[in-house]
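Below you'll find the structure, written out as structure tokens, and then a few comments.
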Amino acid sequence: MVVAMAGIGVRLNQIFEKNTLISDLIGFGYSTIVTVAPMFLVIGNIVLMGQALELSKVAYAPRELMSCTILYMFIFSMLTTAPFNSVLSKYMSDVIFEEKYEDILPCFYLGLFLNVVVSSLLGIPFCIHEVLVGKIGVLYAFTGFCGYMACVLVFYVIKYLQICKDYMKITVFFLVGMASAFVMSLVLVYLCSFPVTDSMLVSITMGFLVIACEEIAMVKRYFKKNSGRYRPVFAYMKKYWMLFLTDAFYTAGLYIHNFVFWTTDIKMVVAKSFVCAPAYDMATCLAMFTNISSTIILISRLEMHFREKYKGYSEAVIGGRAVDIRNAQKRMFRQLAAELMNLVRIQFIISICVFLIIVVILPQYGFSGLVMQIYPCLAAGFFILFLMYAAIIFLYYYNDLVGAMLTALFFVLGILGVSVYAAGLSESWYGIGVVAGSLLGWCVAYLRLRWVERHLDEHIFCTGILIKYARGRKLPSKVYDIREARKEERAVNEE
């Protein structure tokens, strides 16, 4: 993630350095395209398909079955791919830095195998339950499973393209995939007379398969040599197990509050297999959109400006004087604090504006009642959540994996515990779990950043080793005997 964002920061610096209104608009548009455009393309395509195919006229049961299937496809594919992606992304970044490009394909194939196996172990039993207990058609269940695996492939391979800094091609791939899905849905419904819900599910599945094939082809185009060295990848995963847990905890925290409310009275069960809470899930979606601009700000502001100070400190460490290192360190942490405050100020203004728009306009289009009661608390929670994620990114910069893991751990435990308690409160407080968990995670991340600032010299200069660890025969504990040395000296003199 840090490497990918650094590449974006370089490009944004080139755009914003012109200091014109047009360049600012171009920079903001570029940031939007490389961060959230793929997500908006997927959501927009589903909305357009629903309008074009008149989904609202379809019977309630099949419509909810399709909605739950797509929901499960996205949520659980992200849960299974996120932990592997973080470790493998770091391995790939280090391999590129060392210019060992032939080691990238072994990492790619091994990660692909692990993602497919783990995702299948989760998806196959659910599909069997879906068919046997839920009495859903085998073909429909198989299509949903294919869509789920297609999402797994897309979310896994996209990390390789991000590290290769091919952000625009990622957006183009999503545009092509979603456009083909939209056309296919029209063909299936109006030319082949397929049911609307079946057509939408098949089309979305095929769209993601198209995206996955495009991404894999691009990776194969970039990296053609295969060293066949798979063992170092396993060793890397063992070494950076905390990075694995960090992403696992963080991703789980994004959805675990939804899972809690899937067990309450507001839940809905579809086909005895799918469980969801439509009102709470919709409020969560709105809260995320309210604060999604923080991702753009994080890239276009934080990374773009902080990277210069971080680079200056790194160069001072390599060949500067002690006073230069101290000054560069102070400037770096002052910039970190300033950019965090800028993120809070700018995102607060944007969130307030979006919040007012949602509260005033959306009730006119049917978004009211329980959804709007739950939404305000969740919006506040996601505001803090994205700030916490920015702090985790900075911990990654300093290679503080312990701090990042502790942040994510307290984040998910805080959300889980308080959400369970909030389930017994009034509807307006359902989202307090996200607020409490995000605030707890933010406090841990902030305290850890302060700890890193105080102990940065130890972290930079005292973590190396003089003698490499290796397996073999243990060396004797006595390395020099003065008596034996004197005997050998007398023997030499006598000769």
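The values are calculated or read from the model by the stated rules, or taken from the named source; none is laboratory data. Predicted model, so just to flag it, every value in this text is computed and none were measured. Neighbour counts run over all protein chains shown; Cβ positions are idealised from the backbone, glycine included. Accessible surface areas use protein heavy atoms only, side chains included; no ligands, DNA or RNA. Shrake-Rupley method; radii C 1.70, N 1.55, O 1.52, S 1.80 Å.
Order VAL152, VAL435 by their accessible area, 1.4 angstrom probe, all chains in place, largest first. Mind showing how you got there, number by number?
Numbers: VAL152 0, VAL435 30 Å².
Largest to smallest exposure gives the sequence VAL435, VAL152.
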Check your understanding: Relative to the longest principal axis of the chain, what angle (0 to 90°, nearest 10) does the C-alpha long axis of helix 401-422 take?
Key -> 30
Check your understanding: Are there GluC sites (Glu not before Pro) in the range 75-154 that DSSP puts in a loop and that have at most 14 other Cβ atoms within 10 Å, and which ones?
Key -> GLU98, GLU99
Review point. Based on the Cβ-Cβ distance of LYS220 and MET282, what FRET efficiency does E = 1/(1 + (r/R0)^6) give at R0 = 45 Å, to the nearest 0.05?
Key: 0.70
Revision key, fill the gap. For the chain, whose charge dipole is built from +1 on Lys and Arg Cβ atoms and -1 on Asp and Glu Cβ atoms, the candidate among TYR156, VAL418, LEU201 with its Cα farthest towards the positive end is TYR156
Practice item. Would you mind checking the tilt of helix 2-16 against the longest principal axis of the Cα atoms of the chain, expressed as 0 to 90 degrees and rounded to 10? Key: 80
Practice item. Working with all protein chains in place, sort ARG229, ARG307 by solvent-accessible area computed with a 1.4 Å probe, largest first. Key: ARG229, ARG307
Check your understanding: In terms of Cα to Cα distance under 18 Å, which aspartates and glutamates are near enough to LYS309, apart from those fewer than 8 places away along the same chain?
Key -> GLU17, ASP324, GLU339, GLU453, ASP457
Revision key, fill the gap. Spelling it out for MET268: with amide H atoms placed in the peptide plane at 1.01 Å from N, the residues 5 or more places away or on another chain with amide H under 5 Å from its amide H are CYS276, ALA277
Study note, to complete from the structure: Given unit charges at Cβ for Lys, Arg (+) and Asp, Glu (-), the dipole magnitude of the chain about its Cα centre in debye, nearest 20, is 940
Exercise for review: Using θ = phi - 60° and the Karplus relation 6.51 cos²θ - 1.76 cosθ + 1.60, list the HN-Hα couplings for the range 238-254 in order, rounded to whole Hz, with x at every Gly or Pro.
Suggested key: 5, 5, 10, 5, 5, 5, 4, 5, 4, 5, 5, 5, 5, 5, 4, x, 5
Check your understanding: Once you put a point 7 Å from the Cα of ARG490 and another 7 Å from the Cα of LEU71, both along the Cβ direction, what distance in nm separates them?
Key -> 9.0
Review point. Just the accessible area for VAL210, please: 1.4 Å probe, Å², rounded to the nearest 10?
Key: 50
Point to revise | Angle between the chain longest axis and helix 322-361 axis [Cα atoms, degrees, rounded to 10] | key: 10
Revision key, fill the gap. With label points set 7 Å from each Cα along the Cα-to-Cβ direction at LEU132 and PHE348, the distance between them in nm comes to 5.6
Exercise for review: Could you tell me the accessible area of HIS305 in Å² (1.4 Å probe, neighbours in place), rounded to the nearest ten?
Suggested key: 60
Review point. Want the number for ALA337 to SER428: 0.36 nm per residue separation, take away the alpha-carbon distance, what's left?
Key: 29.4 nm
Point to revise | Furthest towards positive pole of dipole, THR290, TRP262, GLY312, structure part the range 243-392, Cβ charges | key: GLY312
Practice item. Please find the FRET efficiency linking LEU139 to ASP481, where r is the Cβ-Cβ separation and R0 is fixed at 60 Å, and quote it to the nearest 0.05. Key: 0.15
